[in-house]
1. Starting at 0 and stepping by 10 Å, how many percent of the alpha carbon pairs of the stretch 9-145 end up in each bin?
2. Using the 10 angstrom Cβ neighbour count as an exposure proxy, how do GLU107, GLU234 rank, fewest first?
3. Taking the radius of gyration and the Kirkwood hydrodynamic radius from Cα positions alone, what is the Rg/Rh ratio for the stretch 49-107, to two decimal places?
4. Dividing the Cα radius of gyration by the Kirkwood radius, what Rg/Rh value follows for the stretch 1-66?
5. Enumerate the aspartates and glutamates that LYS9 could reach by cross-link, defined here as Cα to Cα under 17 Å, with residues fewer than 8 away along the same chain left out.
6. Using all C-alpha to C-alpha distances in the chain, build P(r) with 5 Å bins and read off the rounded percent in each one.
7. Among LEU151, PHE168, GLY197, which residue has its Cα furthest toward the positive end of the charge dipole of the chain, with +1 on Lys/Arg Cβ and -1 on Asp/Glu Cβ?
8. Going by average Cβ neighbours within 10 Å, how do the peptides 80-87, 190-197 rank, with the highest at the top?
Amino acid sequence: MNYQEILNKGSEILKLNNIKTFNLDSEILLSSALKIDRSRLILNLDKKISNREKFFFLNFIERRKKNEPIAYIIGFKEFWKNKFIVNKNTLIPRSDTEILVEQILKEINIDSAKKILDIGTGSGCIILSILNERRKCTGVGIDISKNAIKLAKYNAKIQHIKNRIKFFNSNIDNFCRDKYDVIVSNPPYIELNKFFGLDKDVKNHEPKSALSGGIDGYSKIRLVIEKSSILIKENGKLFLEVGFNQIKGTLKILKLNGFYNNKVVKDLAKKNRCIISTKI
Ligand code: GLN
């Protein structure tokens, strides 16, 4: 069997199992099984596939057929300017969250030495992306999941920023170390009745603890804001990602906790998504 034939077979299986992006997914998974990039695959379609490669590929297809996200199967996701290793213990970095990174970078001067805290760091994609571009800043990332912290540490190691970041496996309630110039969080904010309407890829495979914000969606947003008001320095800035329908509610909680609203920023679908506020 050559690459073209096995590629078609993969697409067919995915199509039969209602995977919408069957052609693209089959190509990505075959490139990953062959350990070559997609352009090389396309240029070598008449090459013969080995039994070992075929075995890997068909195993990937079996996983994708059950809606497992591509990033978990190939083991990484591109975010901002880097590749992040991901696994089922953390949310897959979203391109909408790059807006949070962009806003923070706008706020932090290239030479300033700010202390940054990332609450619910997951794979570490937000804090590591910032530290990569602001070489004098230092960071702390916390997460309630021990396995997420393991992964974030690994990402810091392969990106060579281990010496400017500390990760703690901690619940936000128990964390009271230091004061920060900047706090960032993309907390779980999906409300209960919306959770069941999420894509199968998301609801059946990504960690519920990284998505679910309780019955009204605000349980973790509230906690993050309350704790941030203690952990942040005066005039420090808080950057939050929340649901597009949670802006008004979040602004209310921020005000109650002594934060002044600077601006609300839209996501890639032009929906309000990020809130930037200052502790006064
Ligand atoms: N934006 C994510 C999603 O729709 C949710 C992320 C979160 O809850 N923090 O899947």
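Just so you know, all these numbers are worked out from the coordinates, no wet-lab data involved. Everything numeric here is computed off the predicted structure, so don't read it as measured data. Every residue, glycine as well, gets a Cβ built from its backbone with ideal geometry; the counts of neighbours run over all protein chains shown.
1. For the stretch 9-145, the binned pair fractions read 11, 33, 26, 19, 10, 1 percent.
2. GLU234, GLU107
3. With Rg and the Kirkwood Rh in hand, the quotient comes to 1.15.
4. Radius of gyration relative to Kirkwood radius: 0.93.
5. Answer for LYS9, where 17 Å is the Cα cut-off: ASP25, GLU27, ASP46, GLU53, GLU62, listed by chain and number.
6. 1, 6, 12, 15, 17, 15, 12, 9, 6, 5, 3, 1, 0, 0
7. It is PHE168.
8. Top to bottom by mean Cβ count within 10 Å: 80-87, 190-197.
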